[in-house]
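Take a look at the structure set out below.
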Amino acid sequence: MALNLIVILLISPFVGFLINGLFGKWLKGNEKLSGSIGALAVLVSLICSIIAFGSINSNPDNTLEGDAGVLYTWISGESFTFNIGFHVDALTSIMLLVITGVGFLIHVYSIGYMHGDEGYTRYFAYLNLFVFAMLILVLGNNYLLMFVGWEGVGLCSYLLIGFWYEKKTATDAGKKAFIVNRIGDFGFLLGMFTLFAAFGTLDFGSIFTEAEAGNYQQVFGVSTLVVATLLLFVGAIGKSAQIPLYVWLPDAMEGPTPVSALIHAATMVTAGVYMIARSAVLYELAHTGMVVAWIGVLTAFFAATIALKQNDIKRILAYSTVSQLGYMFVGVGVGAYASGVFHLVTHAFFKGLMFLTAGSVMHAMSNELDMRKMGGLKSKMPITHATFLVGALAIAGFPFLSGFWSKDEILHSAWGSSPFIYIIGLITAFLTAFYMFRLIFVTFYGNSRVESETASHLHESPSVMWLPLVILAVPSAFIGLLLGIGGHHSWFHEFTKKVFPEAHGEVAGNVVLFMVISSIVGLAGIAFAWIRYKNRVPAEESSNSVERLVENKYYIDEIYNTFIVQPIKSGSHFLLWKLFDTGIIDGIVNAVAAIVRWLGGTLRRLQTGVVQAYIVSMVIGIVIFLAFYLFVVG
């Protein structure tokens with residue numbers, strides 16, 4: 001029963017992908033049918049996820065009743081076997097609910113948002129394929145199957161970011177995301193190779209059990225687990241957009257806005273956090289968590305400063321995503337794995353909500369993204385404004401909303417591991433509240449700066465778009481209150497405690513004091529944004545060199561382009577293109593073609609069409625054969 005449930009959960013989006021992908025030509029004229037098929041496929045997975053969650057919650061072991069187990073043997077060798085198998089525990093069930101729950105609402109929203117697009121059926125095919133790949137990633141019971149899903153979401157990300165392939169900026173962004181993620185994936189592969197060399201298997205259960213017992217081959221001496229976990233973390237850095245591989249995520253906003261909500265806020269970018277949480281045993285034994293935490297907090301602060309000076313509403317949200325992912329890495333890095341995953345859950349709802357509300361604004365503003373050309377939208381788009389405000393308050397850590405609970409847990413845990421990480425995280429919390437409400441005040445308040453032609457048709461989005469916003473606003477506001485009361489002893493922590501080692505980052509102390517400090521910092525950021533931007537529009541040009549530096553994202557893209565991209569391209573043109581590719585590879589191919597062409601042309605002359613010539617040839621052949629047989633062989 002359990003295995004059948006998981007198979008249905010997994011296969012349903014793939015079936016949706018096949019229907020829209022194979023029959024898209026015939027479905028092209030019926031948008032509602034195509035969109036409904038895509039949404040229904042994910043709805044089936046959502047229902048299965050809820051059933052699986054209920055079964056796990058009622059089981060004292062917090063695993064799926066009967067264990068999902070092995071589906072079939074994929075690769076079998078003399079000394080190893082790789083299975084297609086599933087492991088469904090508390091962590092898996094949480095990820096399944098996030099992927100399918102948020103994913104379903106985004107599919108519904110997309111039915112209205114993508115209306116009239118030439119690639120409507122192709123869009124839903126790609127979206128279903130992404131959900132299928134993400135489900136493989138979280139359901140797999142071994143690193144190899146996780147890597148299959150890992151690569152699958154990378155491929156789908158490339159397809160969806162570059163969905164509008166007629167736009168060069170979109171195709172460039174898709175290629176950038178694909179290449180940068182390949183750098184991280186190379187680290188993931190090396191980490192898997194290290195684990196396989198040490199343990200002879202890639203199954204989670206076997207590796208974690210043997211690692212705790214110390215029964216593994218010391219491939220790198222005592223540093224085997226250190227090397228393996230750091231290499232896996234390189235993969236997480238790429239997929240979850242951390243320093244220095246974060247540069248692909250802001251450019252990924254070239255894709256449709258629902259894609260940004262699903263892939264780059266709620267699911268794909270959290271894959272790195274999930275992988276580290278799943279590998280918690282190894283990180284605890286290797287003591288490499290602080291590397292993860294420091295990269296996370298530096299990324300959180302760095303991205304938050306960039307968001308301060310952006311004017312494109314989707315790019316502000318993109319840098320906000322990078323920053324919030326940094327918080328999640330702080331949580332899992334300091335050993336508070338449940339807190340890091342808790343923030344993953346709350347972030348999925350409020351950031352998915354904010355991306356969709358940004359899409360609602362774009363829908364009304366004829367795809368305008370510059371908030372300096374907006375203003376006064378509150379009265380024209382009351383539902384969009386209200387839901388965006390809920391998401392912004394949640395991410396800002398407003399008391400008792402979802403982000404308040406999850407972010408406070410992470411900061412509380414960070415204090416016990418490193419006060420410096422806590423302080424940087426607290427400063428970042430202030431910056432987060434400031435830039436989010438800078439966006440709110442400039443976009444929805446003040447005098448309208450909308451061009452007259454656009455202003456004439458400003459309106460609230462249709463119900464198929466605003467209804468998902470309202471639904472998402474509810475968990476964005478209250479899911480933290482539902483799951484987070486009790487802090488490190490809340491229901492969420494109790495539910496996941498058998499998945500993770502005991503968190504070493506929790507500290508005894510005045511929890512209320514930490515909550516008060518976080519609340520004051522968040523409210524101060526909101527107040528400062530109100531003072532600065534309630535009646536002021538961001539300037540067209542920054543007034544000083546520091547502001548220009550931040551506005552231009554510290555010129556990181558330009559630095560990468562100058563010192564990495566261009567030298568590689570130049571070297572490729574000289575060595576690979578002109579010498580190896582053109583000279584050797586193309587030379588061999590062209591030479592083979594030339595030889596075949598010459599040989600064919602020569603032999604063709606034997607085919608004269610004259611019967612007498614064929615008889616003479618046969619006679620000569622017979623004479624040569626007889627002569628060879630009589631005088632050589634005989």
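The values are calculated or read from the model by the stated rules, or taken from the named source; none is laboratory data. Remember, it's a predicted structure, so these values are computed and weren't measured experimentally. Note that each Cβ is placed from the backbone with ideal geometry, even for glycine, and that neighbours are counted across all protein chains shown. Side chains are part of the model used for accessible areas, which takes the heavy atoms of the whole protein and leaves out ligands, DNA and RNA. Shrake-Rupley method; radii C 1.70, N 1.55, O 1.52, S 1.80 Å.
Numbers below:
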item	result
Residue identified as under 17 Å from the mean Cα position of the chain (by Cα), open to solvent by 10 Å² or more (accessible area, probe 1.4 Å) and among the hydrophobic types (A, V, I, L, M, F, W, C) among 136, 106	136
Helices (runs of 4 or more DSSP H) contained in the stretch 510-568 and holding at least 1 residues farther than 25 Å from residue 246 by Cβ and open to solvent by 80 Å² or more (accessible area, probe 1.4 Å)	511-533
Out of 227, 281, 291, sole residue that is in contact with a strand residue (DSSP E or B) (Cβ under 6 Å, 6 or more places away or on another chain), part of a helix (DSSP H, G or I), open to solvent by 10 Å² or more (accessible area, probe 1.4 Å) and over 27 Å from residue 314 (Cα atoms)	227
Matching residues in the stretch 297-353 - criterion: being farther than 25 Å from residue 173 by Cα, β-branched (Val, Ile, Thr) and in contact (Cβ under 8 Å) with a residue 60 or more places away in the chain	297, 330, 334, 341, 345, 346
Given (1) open to solvent by less than 40 Å² (accessible area, probe 1.4 Å); (2) touching a residue at least 60 places away in the same chain (Cβ under 8 Å); (3) within 21 Å of residue 308 (Cα to Cα), index of the condition residue 427 fails	(1)
Some residue of the stretch 252-265 being touching a Leu at 6+ places or on another chain (Cβ under 9 Å) and of a type in the set (D, E, K, R)	no
Only listed residue being open to solvent by 10 Å² or more (accessible area, probe 1.4 Å), in contact (Cβ under 8 Å) with a residue 40 or more places away in the chain and of a type outside the set (A, V, I, L, M, F, W, C), chosen from 448, 413	448
The listed residue being closer than 21 Å to residue 54 by Cα and buried (at least 24 other Cβ atoms within 10 Å of the Cβ), out of 92, 121	92
Residue count, the stretch 451-466 (criterion: of a type in the set (Gly, Ala, Ser), open to solvent by less than 70 Å² (accessible area, probe 1.4 Å) and part of a loop (DSSP other than H, G, I, E, B))	1
The lone exception for residue 71 - which of (1) open to solvent by less than 50 Å² (accessible area, probe 1.4 Å); (2) at pLDDT below 85; (3) aliphatic (A, V, I, L, M) it fails	(1)
Residue in the stretch 313-329 that is open to solvent by 10 Å² or more (accessible area, probe 1.4 Å) and either under 29 Å from residue 497 (Cα atoms) or not acidic (Asp, Glu) (or both) present	yes
Count of residues meeting criterion [of a type outside the set (S, T, N, Q), over 16 Å from residue 525 (Cα atoms) and not in a helix (DSSP H, G or I)] in the stretch 369-399	9
Single residue of the stretch 141-179 satisfying the filter (in contact (Cβ under 8 Å) with a residue 24 or more places away in the chain and basic (Lys, Arg)) that is most open to solvent (accessible area, probe 1.4 Å)	167
